[in-house]
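Here's the structure, in structure tokens; my notes come after.
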Amino acid sequence: MSVADSAIGSRSAGVRLLRLAGSLKFALINLAALFVGVCVAYLSDSRTVWALVVPLASSAVNLLAAMLTNAVFRRQLPLLVFHLALLAVIVLVALGRLTYLKGAAEVVDGGSFDGVLATREAGPFHGDAIAALSFASHGFTIDYAPGIRRGATRNEVAFRNAAGRLETRIIGDQQPLVLAGYRFYTSHNKGFAPTFVWHPAAGGVPQLGAVHLPAYPLHEYRQAREWVIPGTATVVWTMLQFQEIILDPDKADQFKLPGEHDLVVRIGEQRWQLQPGMSVSLPAGRLEYVGLRGWMGYTVFYDWTIPWLLAAALAAAFSLGWHYWRKFAARPWNREQDDGTTA
Amino acid sequence: MEQLLELKLLWAALVAYVLCGSLAIVGVVLRKRPERSVLALLLLGLALHTASIAVRWDRLGHGPFITMFEILSSNIWSLMLAFTIAYWRIAAIRASAAVVMPILFIMMGWLMMTSPGEGHFPPTYHTVWLFIHIGFGKVFLGAALVAVGLAGAILLRRTARGAAWFQRLPADARLDELAYRCMALGFIFETLMLIAGAIWAQDAWGRYWAWDPLETWAFITWLALGISLHARVTFRLSPRTGALMVLAVFAVAFLTFFGVPFVSTSPHKGAV
């Protein structure tokens, strides 16, 4: 065999391999593998990302090879658009998973988000632009239907817009605050936040801080939390006590702060019952209870691929509709023979 | 008072549906063609059912999207509407009503055993995407139901009695072709349903996809449908195999629409 024959042979082997990778049968195998992968991932408790990644990657290869080798895509534009859109969906989902961010934040009324998340899950290539973001929460209202069933949430927030001007907006259900692509959604998590000012004995600037008690009414009977006074090792246990019915189950109501309440503060064996304006003197300084505020929990989400993914998915759906329309319009369903105009 | 009117209208609609289905089955068994009466009863049932849903909607201030009663009622309505359109427009397949109506009888029996009490309409449901998502889902299931009627007739015709009952239907290959077209239509609307659902989920829960049970099962349904359509293109399947695949896909879809929402604890409940 000559060198030329050998080159032709290896080239034709490559073409055969490409045709095999782009075949309808391989596509069916991939779809079946994805079906099994989704079931495995759904039923398994362990980490099973591979069960989805392998068939999706294999499907991407199949789609690309099919478009390169199958002549039907050159004759049928809708089919080509459909397969391109499917490939785009897979690639965008992969890019999205590499760069996404999902997290949670809590902001006290009158306070501001300073770029720090309470929980965070991000793709390996996610940047850290969120650290530079900020907005202030000016308080929130939440309606409740009888039976303590949560209704509409309205949260007033203030932020600097792209032009650098201060802007206020009401966000809530279906209405996130979007800053530099990061989407902040009000969540069902919200509660009470006793607010303190810490006056260090050694002097220095007094520090204002709020303790976010567990979410209310989700943890109605666990309105207590331990925390550490800033700059010290003093652990403080704080519990909120009130008699008032915050959310009346028998009527439509709104989330509100308890009017009359006591704040129980315990440090070691010592215990105090405080009301707004009262203080606790400690060797390291004075802890002043200034009052109660609310805190709102936010779900934070970032994925730059969303609009592209939507466009690709819509392109896939409409091109498939176009393909079927052409195919079915060419021949009535009750006609025996295909007229040969469609695949 | 209004609830009583709503229930009276619903029961009247169910009576019309049952009469219609019974007439269709008797017509197939006795080889009669009471098609005008069947169509009239279908339309009467739909009119009464529409009135019942409208009265309930007006009373509660929200559509039938929350409780099992509402979901079953609205799906019986949409499936009936889909089949009525097929029955009216494609005269050749009218005998398939004898297959379709018993499936709807099961849903009606289930509905009658379900409490008509009201549920809470969550704030995340106050969006136009609810209607778009559900609308697409209903078109998908309606198209799948018409395909199931054809698939059932193909399979029943393999018995001597079934062959006699359904002799006036077109040949199996033609029924198979029409079932394929219905499933293809369903596939497009199932895809659109997933897209609309993802848009809604993004704004409602801050993520477009989270593999919650209902999302996962909706995707499994989409894959099952995709596999069945792709298998038809890849292999020359017999009408019997095609019919079995239609039934399998419908079974998965039925489980997704009416089973998973009520065993899931995720916030994404049975808004279908």
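The values are calculated or read from the model by the stated rules, or taken from the named source; none is laboratory data. Treat the numbers as computed from the prediction; the structure is a model and nothing was measured. With ideal geometry, Cβ positions are generated from the backbone for all residues, glycine too; neighbour counts draw on all protein chains shown. Heads up: the accessible areas ignore ligands, DNA and RNA and are worked out on the full protein's heavy atoms, side chains in. Shrake-Rupley method; radii C 1.70, N 1.55, O 1.52, S 1.80 Å.
Note on the range B:1-34: residues that are open to solvent by 50 Å² or more (accessible area, probe 1.4 Å) and either at pLDDT below 95 or over 22 Å from the mean Cα position of the chain (by Cα) (or both) total 12.
Is it true that residue A:200 is touching a residue at least 40 places away in the same chain (Cβ under 8 Å), out of contact with any Leu (no Cβ under 6 Å at 6 or more places or on another chain) and assigned by TED's automatic domain parsing to the domain that holds residue A:288? Walk me through it before giving the result.
Values: touching a residue at least 40 places away in the same chain (Cβ under 8 Å): yes; out of contact with any Leu (no Cβ under 6 Å at 6 or more places or on another chain): yes; assigned by TED's automatic domain parsing to the domain that holds residue A:288: yes.
The answer is yes for residue A:200.
Mind checking whether some residue in the range A:290-302 is more than 14 Å from every other protein chain (Cβ to nearest Cβ) and open to solvent by 70 Å² or more (accessible area, probe 1.4 Å)? Yes, because at least one residue in the range A:290-302 is more than 14 Å from every other protein chain (Cβ to nearest Cβ) and open to solvent by 70 Å² or more (accessible area, probe 1.4 Å). Residue count for the range A:153-176 under the criterion of being open to solvent by less than 60 Å² (accessible area, probe 1.4 Å), polar (S, T, N, Q) and within 14 Å of another protein chain (Cβ to nearest Cβ): the result is 3. So if I check each of B:236, B:232, which one is more than 9 Å from chain A (Cβ to nearest Cβ), within 25 Å of the chain's Cα centre (by Cα) and open to solvent by 20 Å² or more (accessible area, probe 1.4 Å)? Going through B:236, B:232 in turn, just one is more than 9 Å from chain A (Cβ to nearest Cβ), within 25 Å of the chain's Cα centre (by Cα) and open to solvent by 20 Å² or more (accessible area, probe 1.4 Å): B:232.
Which residues, taken from the range A:206-243, are hydroxyl-bearing (Ser, Thr, Tyr) and assigned to a strand (DSSP E or B)? If you could, list the steps in order and put the result at the bottom.
Taking the range A:206-243 and keeping what is hydroxyl-bearing (Ser, Thr, Tyr), we get A:216, A:221, A:232, A:234, A:238.
Listed by number, the list holds a single entry, A:238.
Looking across the range A:224-233 at every residue that is closer than 30 Å to residue A:143 by Cα and more than 27 Å from the chain's Cα centre (by Cα), the one that is least open to solvent (accessible area, probe 1.4 Å) is identified as A:224.
Going through A:142, A:148, A:229, A:171 one at a time, which residue ends up being touching a residue at least 24 places away in the same chain (Cβ under 8 Å) and in contact with a Ser or Thr (Cβ under 7 Å, 6 or more places away or on another chain)? Even if it seems obvious, please write down each step before you answer.
On the way: A:148 fails: in contact with a Ser or Thr (Cβ under 7 Å, 6 or more places away or on another chain); A:229 fails: in contact with a Ser or Thr (Cβ under 7 Å, 6 or more places away or on another chain); A:171 fails: touching a residue at least 24 places away in the same chain (Cβ under 8 Å).
Sole residue among the options that is touching a residue at least 24 places away in the same chain (Cβ under 8 Å) and in contact with a Ser or Thr (Cβ under 7 Å, 6 or more places away or on another chain): A:142.
Checked against (1) at the interface with chain B (Cβ under 10 Å from one of its Cβ atoms); (2) within 16 Å of residue A:210 (Cβ to Cβ), residue A:287 passes all but condition (1). Residues in the range A:177-197 that are open to solvent by 20 Å² or more (accessible area, probe 1.4 Å) and either closer than 22 Å to residue A:259 by Cβ or not assigned by TED's automatic domain parsing to the domain that holds residue A:110 (or both): A:197 alone. Taking (1) open to solvent by 10 Å² or more (accessible area, probe 1.4 Å); (2) within 7 Å of chain A (Cβ to nearest Cβ) in turn, residue B:223 satisfies each apart from (1).
Checked against (1) open to solvent by 70 Å² or more (accessible area, probe 1.4 Å); (2) assigned to a loop (DSSP other than H, G, I, E, B), residue A:203 passes all but a single condition, namely (1).
Restricting to the range B:169-202, give me the number of residues that are acidic (Asp, Glu) and surrounded by fewer than 22 Cβ atoms within 10 Å (Cβ to Cβ).
Step one: of the range B:169-202, the residues acidic (Asp, Glu) are B:172, B:176-177, B:190.
Next, from what is left, pick out any that are surrounded by fewer than 22 Cβ atoms within 10 Å (Cβ to Cβ): B:172.
Within the range B:169-202, residues that are acidic (Asp, Glu) and surrounded by fewer than 22 Cβ atoms within 10 Å (Cβ to Cβ) number 1.
Taking the condition among the hydrophobic types (A, V, I, L, M, F, W, C) and at pLDDT 95 or above, does residue B:204 pass? Show your work before the answer.
Numbers: among the hydrophobic types (A, V, I, L, M, F, W, C): yes; at pLDDT 95 or above: no.
When the stated conditions are applied, residue B:204 does not pass them.
The residues of the range B:35-52 that are open to solvent by 20 Å² or more (accessible area, probe 1.4 Å) and more than 17 Å from the chain's Cα centre (by Cα), listed by number, are B:35, B:36, B:37, B:39, B:40, B:41, B:44, B:47, B:48, B:51.
Residues that are among the polar types (S, T, N, Q) and surrounded by fewer than 17 Cβ atoms within 10 Å (Cβ to Cβ) were ranked within the range A:28-57; the one that is modelled with the lowest pLDDT is A:46.
Evaluation of residue B:98 against the conditions (1) within 25 Å of residue B:20 (Cα to Cα); (2) within 14 Å of another protein chain (Cβ to nearest Cβ) shows that the sole unmet condition is (2).
On the given criteria, is residue A:283 open to solvent by 70 Å² or more (accessible area, probe 1.4 Å), over 24 Å from residue A:106 (Cα atoms) and touching a residue at least 12 places away in the same chain (Cβ under 8 Å)?
Working: open to solvent by 70 Å² or more (accessible area, probe 1.4 Å): yes; over 24 Å from residue A:106 (Cα atoms): yes; touching a residue at least 12 places away in the same chain (Cβ under 8 Å): yes.
For residue A:283, the condition - open to solvent by 70 Å² or more (accessible area, probe 1.4 Å), over 24 Å from residue A:106 (Cα atoms) and touching a residue at least 12 places away in the same chain (Cβ under 8 Å) - is met.
Every listed requirement among (1) open to solvent by less than 10 Å² (accessible area, probe 1.4 Å); (2) at positive phi is met by residue B:70 save one, (2).
Of the listed requirements (1) part of a loop (DSSP other than H, G, I, E, B); (2) in contact (Cβ under 8 Å) with a residue 24 or more places away in the chain; (3) touching a helix residue (DSSP H, G or I) at 6+ places or on another chain (Cβ under 7 Å), residue B:62 misses just one: (3). Cβ separations smaller than 9 Å between residues 6+ apart or across chains give the following pairs from the range B:238-252 residues that are within 16 Å of residue B:218 (Cα to Cα) to residues that are assigned to a helix (DSSP H, G or I) and open to solvent by 50 Å² or more (accessible area, probe 1.4 Å): B:252/B:217. Whether a residue is over 17 Å from the mean Cα position of the chain (by Cα) and under 26 Å from residue B:230 (Cα atoms) was assessed, and residue B:160 does not pass this test. If you go through the range B:1-57 and keep only what is in contact with a helix residue (DSSP H, G or I) (Cβ under 8 Å, 6 or more places away or on another chain) and not in a helix (DSSP H, G or I), you end up with B:31, B:32, B:33, B:34. All of (1) touching a Leu at 6+ places or on another chain (Cβ under 9 Å); (2) facing chain A (nearest Cβ under 10 Å); (3) of a type outside the set (Val, Ile, Thr) hold for residue B:218 with one exception: (2). Considering the conditions (1) within 10 Å of chain A (Cβ to nearest Cβ); (2) surrounded by fewer than 19 Cβ atoms within 10 Å (Cβ to Cβ), residue B:248 is excluded by exactly one of them, (1).
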